[in-house]
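Participant: To start, I am sharing the structure in question, which I have written as structure tokens.
The values are calculated or read from the model by the stated rules, or taken from the named source; none is laboratory data. All figures in this text were calculated on a predicted structure; none of them were measured in a lab. Using ideal geometry, Cβ is built from the backbone for each residue, glycine included, and neighbour counts are taken over all protein chains shown. For accessibility, only protein heavy atoms count, side chains too; no ligands or nucleic acids. Shrake-Rupley method; radii C 1.70, N 1.55, O 1.52, S 1.80 Å.
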Amino acid sequence: MPFAPFKTLRSIKQDSFHRAPHRVGQWFKWLAPGLFVKRWLLLSAGGVLLVGLGLAIWVKLTPIFYALQLMQDIVGTIANVVPNYISGPLVLLIGALLIFWGQTRTVGSITEVLRPEGGDEELIDVLLTHRRLHRGPKIVAIGGGTGLSTLLRGLKAYSANITAIVTVADDGGSSGRLRREIGVLPPGDIRNCLAALASEEKLLTELFQYRFRAGDGLVGHSFGNLFLTAMSEITGDLEQGIAASSQVLAIRGQVFPATLSDVRLWAELADGRRIEGESNITKAGGCILKIGCTPAEPPALPKALQAIHEADYIIIGPGSLYTSVIPNLLVPEIAQAIAARCKGGKTPVPCIYVCNVMTQPGETQGYTVSDHIRAIDAACGQKLFSAVLVHRRTPSEKSLLRYAQENSHPVFLDRDVVARLGRRIVLANVMDEDEETGLVRHNPQALARVLLRWYGRAHR
């Protein structure tokens, strides 16, 4: 029967030798600038000195005198036996080793308690990451659907100061059923964003996206939608439900609905039809001339407005143009707040629109990049963003054939028209392509990296 052999003494020494530099390196990270450790260590050391001084004054220095006299006798004896040029450095080295050993064991004990179960990261690395992320820019991302959750999944590696403002106009699928049967605001897009920002993203995404396959009234519902609906009922409204869920899931950032009003979309098509309901607009398959909502001017969530006013960077999209992105901008206060932050004041912040890679049947068939820009400008009545991010590389032939069967094609970049609309063009390869299915999506990491790089240049 095979068994794992015991380590030899030599191998144990080698392992210890290789681990030692790592441990020393980890320990010295505690002295890294900006971690707020050195100042507290010095403050503690100063406190110890003051306590000793206070005790000495209180007891009139009597015990201190005898203690110093004893130390002097010991030091003198050692100096007579061992020369001071040997004994001094030796004692100094022993003292330093004791300090290092004590601090290492202290940090190790704290790490065992605070490090999440099963986590391989050292506590100091967790703290350094925490500091770096909380110093990141205040980013507001506006949209909905899978596009926004994809963006958030990449952004959370660069900043913990992320606010997602999400549409609540969805009326299809599980969200639509809950909206009709219980009267809650649709939780689907919010669910996706919470899962994307969660620390244990993979497990939570699987849990939140799980759809029941059996059970009266449960079939087709996702667990995440039911979870958010229950939280909203318990806490009183969707805003409080999202806040409570965010604490439970330990998300990096915050998620807000654009409004708490019961918003319903409508669209006027080129053939004269007026389609009502978000899920019906895409199914209608016409050319959208105008889009609006009922009520016509829903009030914005105050915390969403506050996040925009405090933002360092605003990102619009990606996502379905008419059913994920524009519905947020149909809330007049949201559009006005973005315009004020990106165009007004002494220090306007960068604002960019992330254009979709492919056109969407029933919404943007035949659209160019400039058509997307015009649609957003028309919906909110003003120019909001100064730049547009466009994917550079054309998808493979396999993907093009797959999408062509659905009447979907790459969004064409008409540079001259975009320039006349006063927008800067940011070209980058930010697409993922599934080799088996030919499905194309934005790559979360590449997208976030390009957006943060552009922010760094625009912010100078």
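Participant: How far apart, in nanometres, would the label points at R415 and D237 be if each is projected 7 angstrom from Cα along the Cα-to-Cβ direction?
Facilitator: Between R415 and D237, the label points sit 4.9 nm apart.
Participant: If you wrap a convex hull around the C-alpha atoms of the stretch 168-324 and split its volume per residue, what is the figure in Å³?
Facilitator: Working: hull volume 21.6 nm³, N = 157.
In the stretch 168-324, the Cα convex hull volume per residue is 137 Å³.
Participant: Which cross-chain or sequence-distant (5 or more) residues have an amide H under 5 Å from the amide H of Y367, H modelled 1.01 Å from N in plane?
Facilitator: The answer is none.
Participant: For the stretch 273-326, just list the percent of Cα-Cα distances falling in each 5 Å bin from zero outward, please.
Facilitator: Pairs per bin, as whole percents: 4, 14, 20, 21, 18, 10, 9, 3, 0.
Participant: Another one. If you average the sequence gap of Cα pairs under 8 Å that are 6 or more apart and divide by the length of the stretch 296-409, what percent do you get for the contact order? Could the numbers behind the result be given before it?
Facilitator: Numbers: 135 pairs, mean separation 32.7, N = 114.
RCO, the stretch 296-409: 29 percent.
Participant: OK, next. Beyond 18 Å, what share of the Cα-Cα pairs of the stretch 354-397 remains, rounded to the nearest whole percent?
Facilitator: Values: 313 of 946 pairs.
For the stretch 354-397, the fraction of Cα-Cα distances above 18 Å is 33 percent.
Participant: For the stretch 401-460, take the alpha-carbon Rg, divide it by the Kirkwood Rh, and send me Rg/Rh.
Facilitator: Working: Rg = 14.9 Å, Rh = 14.0 Å.
Rg/Rh: 1.06.
Participant: Using the Kirkwood radius over C-alpha pairs as Rh, can you work out the diffusion coefficient of the stretch 224-292 via Stokes-Einstein at 20 °C, viscosity 1.002 mPa s, in µm² per second? Please list the in-between numbers first.
Facilitator: Numbers: Rh = 14.3 Å.
Estimated diffusion coefficient is 149 µm²/s.
Participant: While we're here: For the stretch 200-279, with all protein chains present and a 1.4 Å probe, just round the carbon and sulfur fraction of the accessible area to a whole percent. Walk me through the numbers on the way to the answer.
Facilitator: On the way: 2320 of 4270 Å².
Percent of accessible area from carbon and sulfur atoms in the stretch 200-279: 54.
Participant: Of the chymotrypsin sites (Phe, Trp or Tyr not before Pro) in the stretch 173-237, which ones lie in a loop per DSSP and count no more than 13 other C-beta atoms within 10 Å? The partial results should precede the final answer.
Facilitator: Working: sites: F208, Y210, F212, F223, F227; in loops: Y210, F212.
Of the chymotrypsin sites (Phe, Trp or Tyr not before Pro), the ones in loops of the stretch 173-237 whose Cβ has at most 13 other Cβ atoms within 10 Å are Y210.
Participant: With the other protein chains left in place, how much accessible area per residue, in square angstrom, belongs to the stretch 310-460 at a 1.4 angstrom probe? Numbers along the way, then the final one.
Facilitator: Working: 6650 Å² over 151 residues.
Computed with neighbouring chains in place, this is 44 Å² per residue.
Participant: If you bin every alpha carbon distance in the stretch 355-460 into 5 Å steps from zero, what whole percent lands in each bin?
Facilitator: Taking all Cα pairs of the stretch 355-460, the binned fractions are 2, 12, 20, 22, 21, 14, 7, 2, 0, 0 percent.
Participant: Please compare each pair in K202/K343; K290/K346; K346/K383; K303/K383; K138/K283; K138/K398 to a cut-off of 29 Å on the Cα-Cα distance and tell me which ones are over it.
Facilitator: Values: K202/K343 38 Å; K290/K346 34 Å; K346/K383 18 Å; K303/K383 23 Å; K138/K283 37 Å; K138/K398 39 Å.
Too far apart for the 29 Å limit: K202/K343; K290/K346; K138/K283; K138/K398.
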